Amino acid sequence: MRYGIVSDIHGNLEALESVLADLEKRQVDSILCLGDLIGYGPNPNECVDLIKDRAEVVLAGNHDYAPLDKLDLSYFNPWARSAIEWTKERLSASSVEFLLALPLKKEIYGVTLVHSTPLQPEEWNYIITIGDAQKNFPQFDNQVCFIGHSHVPIVIVMDSEEDCRVIQDNPLQIQDGLRYIINVGSVGQPRDLNPLAAFGIYDDSEQRYELFRVEYDIGKTQKKIRESLLPEYLAERLEVGQ
Ligand SMILES: [Fe+2]
């Protein structure tokens, strides 16, 4: 089976539509979503509806919890907080109902899925450094764990000696005896200085993972952000990918 893995859509409908069209073209069997469907972007309900319709598995991210009063807003920076308040006023009853039911972590198809970290996902910590990864590898049993949250794609591998390192192979051949934490990047607000929408495809029969980047109409999303009176910075950052 081939799985399209998407994360951190953040209400960016143009980016999500572009990624879904690409996944359809690449004929994935299933779509798995690692959370943060909303927050920052101007189309929260539309993104929830599309993911509800297209994804087989959907997890909760911190931005999905925040407008539901499941997370203290003091956790967020001022732009994020302002966008969460904007989103909260506009979320439909059906979006709220859907988001309320999302789990934080899931084991399915032989892999682990989580928005933030396998260790205490409700703390919303990040896996960025080798030290972060070393703390988290013992917290899941599968060979591979897919994550989002930082909006920066990365693959960290741990060998049988429990040494961890970052690897750049793309596509990536998953090898016996090694374990992997794979961040699939962000659909709707990339932060690796590449503004293209990011997502991954995992093929479990080929034991292969590949990160893809696709263009979308950034100008259209920026225009909607500005017309919605969301913070200007949220529009600007999309074109630089930060
Ligand atoms: Fe996010």
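The values are calculated or read from the model by the stated rules, or taken from the named source; none is laboratory data. Quantities reported herein were computed from a predicted structural model and do not represent experimental measurements. Virtual Cβ from ideal backbone geometry, glycine too; neighbours counted across all protein chains shown. Side chains are part of the model used for accessible areas, which takes the heavy atoms of the whole protein and leaves out ligands, DNA and RNA. Shrake-Rupley method; radii C 1.70, N 1.55, O 1.52, S 1.80 Å.
General remarks:
- Full-extension gain in nm, Lys106 to Gln139, via 0.36 nm per residue minus C-alpha separation: 10.6 nm
- Working note: 222 nm ellipticity from helices only, DSSP H runs with n ≥ 4, each -39,500 (n - 2.57), summed and divided by the residues of the chain, gives -9000 deg cm²/dmol to the nearest 500.
- R0 of 35 Å, Cβ-Cβ distance Glu56-Ile128: FRET efficiency to nearest 0.05: 0.80
- Ordering Ala55, Asn142, Trp86 by the projection of their Cα atoms onto the charge dipole of the chain, which places +1 on the Cβ of Lys and Arg and -1 on the Cβ of Asp and Glu, puts Trp86 at the extreme positive end.
- Length-normalised contact order for the range 23-105 - Cα pairs under 8 Å, 6+ apart - percent: 34 percent
- Pairs of Cα atoms farther than 22 Å apart, the chain, %: 49 percent
- Amide H partners (placed H, <5 Å) of Ser30, local residues excluded: Arg2, Gly4
- Gyration tensor over alpha-carbon atoms, the range 101-175, equivalent ellipsoid semi-axes in Å: 19, 14, 13
- Taking only protein heavy atoms and a 1.4 Å probe, the accessible area of the chain is 46% carbon and sulfur.
- The chain, dipole about Cα centre (Lys/Arg Cβ +1, Asp/Glu Cβ -1), debye to the nearest 20: 440 debye
- Of every Cα-Cα pair in the range 1-140, the percent that sits beyond 24 Å: 31 percent
- C-alpha long axis of helix 13-25 to longest principal axis of the chain, angle in °: 40 degrees
- Taking every Cα-Cα distance in the range 70-111 and sorting them into 5 Å bins from zero, the calculated P(r) comes out as 5, 17, 19, 20, 18, 10, 8, 3 percent.
- Assigned charges on the beta-carbon of Lys, Arg, Asp, Glu; the range 152-242 dipole about Cα centre (debye): 640 debye
- When both the range 50-94 and the range 205-238 are represented by their alpha-carbon centers, they are found 17 Å apart.
- Stokes-Einstein diffusion of the range 19-94 at 10 °C, 1.306 mPa s viscosity, Kirkwood radius from Cα pairs, rounded to a whole number: 119 µm²/s.
- Total formal charge among the other residues, if their Cβ is under 11 angstrom from that of His115, Lys/Arg +1 and Asp/Glu -1: -2
- Between 0 and 90°, nearest 10: helix 78-90 axis offset from the chain longest Cα axis: 70 degrees
- Structural size metrics of the range 136-208, computed from C-alpha coordinates, are Rg and Dmax of 12.6, 37 Å.
- Within the chain, longest stretch free of exposed GluC sites (Glu not before Pro) [DSSP loop, at most 12 other beta carbons within 10 Å]: 1-160
- Rounded FRET efficiency, nearest 0.05, which uses the C-beta distance separating Gln242 from Asp203 and R0 of 22 Å: 0.10
- Note on Arg165 and Arg2: their simple-model spin labels are 3.0 nm apart, each label 7 Å out from Cα toward Cβ.
- Cα-based helix-to-principal-axis angle, 44-54 vs the chain, degrees rounded to 10: 40 degrees
- Computed from phi, the 3J(HN,Hα) profile of the range 150-155 under the Karplus parametrisation 6.51, -1.76, 1.60 (θ = phi - 60°) reads 7, 6, 10, x, 7, 10 Hz, with x in place of Gly and Pro.
- Radius of gyration over Kirkwood radius for the range 1-57, both on Cα atoms: the Rg/Rh ratio is 0.95.
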